[in-house]
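So the structure is just underneath, and the comments pick up after that.
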Amino acid sequence: MYTKIFRAVIIGAPGSGKGTISELIVKTFGFLHISSGDILRQNIIKNTDLGKKAQSYIAAGQLVPDEIVTKTMIARITEVGNKSYILDGFPRNGAQADILSARCQINAVIDLNIPHDVIIERVKHRWIHAPSGRVYNIGFNDPKVSGKDDVTGEPLTQREDDKPEVVAKRLQLYDELMGPVLAWYGERGLVTTFKGRETKEIWPRVERFLKDKVNKG
């Protein structure tokens, strides 16, 4: 449907709905979704060297070191080549933004601004199908069969880093680290912020924004 090459970054605290919004963008616009979290979790499941390194940080509510994330994401971006995509979880600081800008042009930054108390409550109801990364939110995006993945029928699980105390720590880290990234992109006129408490109220505005951006090309 959309032939223009378009690259976006989606920014939001853990549990802000980045995954759900990104999935809707993929379905609507055909963009690739390149998520640092998904890539790292797949490596954890496969018990790769990268996965083993990442697991200790994630389980403790800490961010995986920059060097690991940057190397992983730049490799994936290089692999996909000349296609439209949305980056999720990268860049997360000015140094990574500099590295990314040297590789490709970012057309827009989507900033999801969700209150922290809403996020902490939300992740209590989040379940995932670990092998695929599919996410379900009880009360909003429920699985067809309780506790089972829609596609495979396999059991759903909750992530270790969705525990309230771990989430609170991650939100604090997020605020400290992502403020400068938003400022970096804001200086370049690329940031559009979408405020709200629910994904279903934010998505229509994101969709209109992207349609306008892509069609202008």
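See the values below:
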quantity: Surface share of carbon and sulfur [accessible, 1.4 angstrom probe, percent] for the chain; calculated: 51
quantity: Mean shadow area of the range 103-158 over all directions, Cα convex hull, nm²; calculated: 6.0
quantity: Percent of Cα-Cα distances greater than 22 Å, calculated over the range 19-140; calculated: 41
quantity: Residues whose placed amide H lies under 5 Å from that of Gly12, excluding near-sequence neighbours; calculated: Leu112
quantity: Simple spin-label estimate for Lys83 and Thr48 in nanometres, 7 Å along Cα-Cβ; calculated: 1.6
quantity: Stokes-Einstein D (µm²/s) once Rh is taken as the Kirkwood radius of the range 7-216 over alpha-carbon pairs, at 37 °C in 0.692 mPa s; calculated: 186
quantity: log10 of Debye I(q)/I(0), alpha-carbon scatterers only, for the range 122-217 at 0.13, 0.23 Å⁻¹; calculated: -0.70, -1.15
quantity: Distance between modelled label sites at Lys211 and Asp38, nm, 7 Å Cα→Cβ extension; calculated: 2.3
quantity: Gain upon complete extension [Thr152, Glu198; 0.36 nm per residue less C-alpha separation]; calculated: 13.8 nm
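The values are calculated or read from the model by the stated rules, or taken from the named source; none is laboratory data. These numbers were taken from a predicted model, which means no experiment stands behind them. Cβ coordinates were reconstructed from backbone atoms using ideal geometry, including for glycine residues, and neighbour counts include every protein chain displayed. SASA here: full protein model, heavy atoms, side chains in, ligands and nucleic acids out. Shrake-Rupley method; radii C 1.70, N 1.55, O 1.52, S 1.80 Å.
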